[in-house]
Amino acid sequence: MNTPMRITQVLAACWIVLGALGLNPTFAQESKTVRPEIGKPLQAAQELLKQKKGKDALAKVRETESVSDKTAHEVFLIDQVRGQAAALAGEAAVAARSFEAVANSPSIAEREKLQFLAAAAGQYYSAKDYAKSADLAGRYFKDGGSDKALRTLQIQAFYLGGNFAQAAKELQAEIQADEQAGKAPTEERLQLLSSAYQKQQNSAGYAGALEKLVAYHPKPDYWLAVIHGTTSRPGFPDRLSLDVSRLKLATATMRNANEYVEAAQLCLQAGLPAEAKKFIDAGYAAGLLGAGPDADRHKRLKDLAAKNLAEDTKTLGQDDVQLASAKDGSALLNSGFNYVLHGRADKGLGMMESGLTKGGMKHPEDARLRLGYAYYLAGQSQKAIQSFKKAQEAEGTAALARLWVIRLGQSS
């Protein structure tokens, strides 16, 4: 995601403008005569341009350099032809300066000024003078230009020129405009936005850009990046490790055997063998468990989860009466969650809601997160989203909840 947009796309605007210019300087106008020593080389250069012979055309233009006392009109015409010839010959810096000079000339018609500003911006970009490219693109828009391809070029020039803050500002404006119009922002723009924030070490902006990437372009690599970005923030609590694994499983971002093993072990420690089996089965299905030098270890973990699950199934519900009279709702919520994991969502979800209502929990937002996950497992996406939206704990819970809302919005 740190790779800028393809230069061929960004420069397309420049070449479109050059093709549209259709310049045909007039070498003898009313009260604006051009001396033969200027007009003849320029006419010859134009003929060579028609034949796509840029270097030869540029050589002809250079014949005018030795002519002294050029009039403003002669300079104006020379700059036009030199710009076209230099662009065709691949001498971008020369073309850029020539087109900029034409745009600044008092002889230029207003309707043509924008075209030359755009052409100059594109040539400065090709010459890797990104500051000048962005500046002239800015003048283009200030004077009334509206070519979207030039906006792309300007943003890219800000980025490549190291002005990441301005690149991010322009990208945000475009992305917000797309969203307000009901359009999905392009993947490339969101990639560039995330990179621009990352270059500034703006962790909040980077996280927000990644969230938009997974919302509009939900690829596993983006999910992995946004989950990693969320969990690696300073202060992210270890107690949410299992909740992170649940989100990874739902977004197909579990990457190795250790992640499945650790998640299963956390489930067993929490007294949730049914969920441990879920992780273990997924690891085997992915071909990451049951193979390699740790295959025996995986088999022992699988057997332990199966044994604990059999015992848990036998004792399920034995403590329901005592749970109802407990001082706080923690045990009631946990037991209800276990019912959901056993396929008894009809009973388990009601117990979890009652546990939340009773309160008294050390981390009530974690409980809200767990309830949302339970609704997800039960196939009740809208209620899951409602629960996740209520999880507003600052230290990690809200971030995971937002990602769940994005994930469920893609499947609803």
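A few notes on this one:
- Test for A137: is it of a type in the set (A, V, I, L, M, F, W, C), within 22 Å of I155 (Cβ to Cβ) and in contact (Cβ under 8 Å) with a residue 40 or more places away in the chain: no
- Any pair with Cβ under 9 angstrom, 6 or more apart, that starts in the stretch 296-322 at a residue that is in the same structural domain as G355 (by TED's automatic domain parsing) and ends at one that is aromatic (F, W, Y): H298/Y260; H298/Y284; K302/Y284; A305/F279; L316/Y339; G317/Y339
- Identity of the residue in the stretch 141-164, in contact (Cβ under 8 Å) with a residue 24 or more places away in the chain, more than 23 Å from Y206 (Cβ to Cβ) and of a type outside the set (A, V, I, L, M, F, W, C), that ends up surrounded by the fewest Cβ atoms within 10 Å (Cβ to Cβ): G144
- Each residue in the stretch 371-412 was checked for being in contact with a Lys or Arg (Cβ under 9 Å, 6 or more places away or on another chain), farther than 17 Å from T251 by Cβ, of a type in the set (D, E, K, R) and not in a loop (DSSP other than H, G, I, E, B), and 1 of them qualify.
- Candidate set: the stretch 244-293, residues that are under 21 Å from G343 (Cβ atoms) and among the charged types (D, E, K, R); chosen: the one farthest from the chain's Cα centre (by Cα): K277
- Test: residue in the stretch 57-69 that is crowded, with 21+ Cβ neighbours inside 10 Å, closer than 23 Å to Q166 by Cβ and either modelled with pLDDT of 95 or more or hydroxyl-bearing (S, T, Y) (or both): no
- The stretch 317-342, residues that are more than 23 Å from D366 (Cβ to Cβ) and surrounded by 13 or more Cβ atoms within 10 Å (Cβ to Cβ): G317
- Counted residues, the stretch 71-85 - those being farther than 23 Å from Y125 by Cα and either out of contact with any Lys or Arg (no Cβ under 9 Å at 6 or more places or on another chain) or not in a loop (DSSP other than H, G, I, E, B) (or both): 5
- Helices (runs of 4 or more DSSP H) fully within the stretch 255-359 counting 2 or more residues that are more than 30 Å from P220 (Cβ to Cβ) and not β-branched (V, I, T): 295-315, 320-324, 330-341, 345-358
- Of all residues in the stretch 343-395, those satisfying the criterion of being within 16 Å of A274 (Cα to Cα), surrounded by fewer than 18 Cβ atoms within 10 Å (Cβ to Cβ) and not basic (K, R) are G343, A378.
- Of all residues in the stretch 172-201, those being under 22 Å from A157 (Cβ atoms) and out of contact with any Gly (no Cβ under 9 Å at 6 or more places or on another chain) number 17.
- Residues being surrounded by fewer than 18 Cβ atoms within 10 Å (Cβ to Cβ) and not hydrophobic (A, V, I, L, M, F, W, C) - total across the stretch 189-207: 5
- Leading residue by the ranking (farthest from A127 (Cα to Cα)) among those in the stretch 94-116 that are surrounded by fewer than 19 Cβ atoms within 10 Å (Cβ to Cβ) and among the acidic types (D, E): E110
- Within the stretch 358-405, tally of residues that are at positive phi and among the basic types (K, R): 0
- Criterion applied to A215, A173, A167 was being within 20 Å of D135 (Cβ to Cβ), in contact (Cβ under 8 Å) with a residue 24 or more places away in the chain and part of a helix (DSSP H, G or I), and the one residue passing it is A167.
The values are calculated or read from the model by the stated rules, or taken from the named source; none is laboratory data. Just so we're clear, the structure is a prediction, and the values are computed from it rather than from any experiment. Every residue, glycine among them, receives a Cβ derived from its backbone with ideal geometry; neighbour counts consider all protein chains shown.
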